[in-house]
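Just below is one structure, and these are the notes that go with it.
The values are calculated or read from the model by the stated rules, or taken from the named source; none is laboratory data. This is a predicted model, so every value here is computed, not measured. Cβ placement follows ideal geometry from the backbone for every residue including glycine, while neighbour counts extend to all protein chains displayed. What goes into the accessible areas is simple: the full protein's heavy atoms, side chains included, and nothing from ligands, DNA or RNA. Shrake-Rupley method; radii C 1.70, N 1.55, O 1.52, S 1.80 Å.
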Amino acid sequence: MQLYLNRNTLFNRLDPRTKIINFVSIFFSAMLLPDILSQITLLCIVLIIGKLAQMLKNIKHLKIVITMTCFLSILLWSASYPGTKDVLFFSIEGAEFGVIVAIKISTIIIAGILFLSTTKVEEISLALIYFKVPYRISFAFMTALRMVPTLISTSHLIIDAQKSRGLDLSKGTIIERFKKYIPLLVPVFLTSIRNTGTLAMALESKGFGYQKYRSYYLKLKMTSADFIILGLMLILCISVIYYRMNFF
């Protein structure tokens, strides 16, 4: 299981450095925009990019996570945010602020999914190295990204194996079902530790970190499309800063 989808689109062909800057720009914009209308506008822009990149498939896979995150954000802020208009234990101002935070989180999550859906892990690692990030840190980040799909696949295998032995995870209350999942975490973590030990031995046998400088198979090259996209992102960031400073 992996997020990357091999599509012949403009966004797949962009330089990974451009994609990283795009994600940071969207994150920066989402954090600065202060009202619901501007947040919805930014979210629509991200969704349009996802549609053009043909990556909405991965977003649909995480729709439950996004929905639950938005629900909890609105609920918590409505109950804790001080306001002048209250309905029972919830404030109207808190609900409005919760909606803003929910849209903000959704935009950042979707932008991250699009970034991982259009960029290979090896390209992300190499882009970080081009940004002068030490190779060891870049490799650790790349390994972490690779481990997430492995953990998910391992957990699915373990759950299916336990179901074949008669474990029913669909019956009982929410607390009872949650308790049934706890023992399944043990083999998942043990498998992860075993894989980590194997990876460490493989790196040592190949002399990882022996040389300070190393060569790379992939070569990154910016094209005119990259500079156009970067220019659009620059305009977006300037517009967001201007909007924040002059209207709020």
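Evaluation of Ser78 against the conditions (1) open to solvent by less than 30 Å² (accessible area, probe 1.4 Å); (2) among the hydroxyl-bearing types (Ser, Thr, Tyr); (3) within 19 Å of the chain's Cα centre (by Cα) shows that the sole unmet condition is (3). A single entry from Val101, Val24, Val65 fulfils the requirement of being open to solvent by less than 30 Å² (accessible area, probe 1.4 Å) and of a type outside the set (S, T, N, Q): Val101.
Of all the listed residues (Leu5, Leu33, Leu42), the sole one being crowded, with 18+ Cβ neighbours inside 10 Å and touching a Ser or Thr at 6+ places or on another chain (Cβ under 7 Å) is Leu42.
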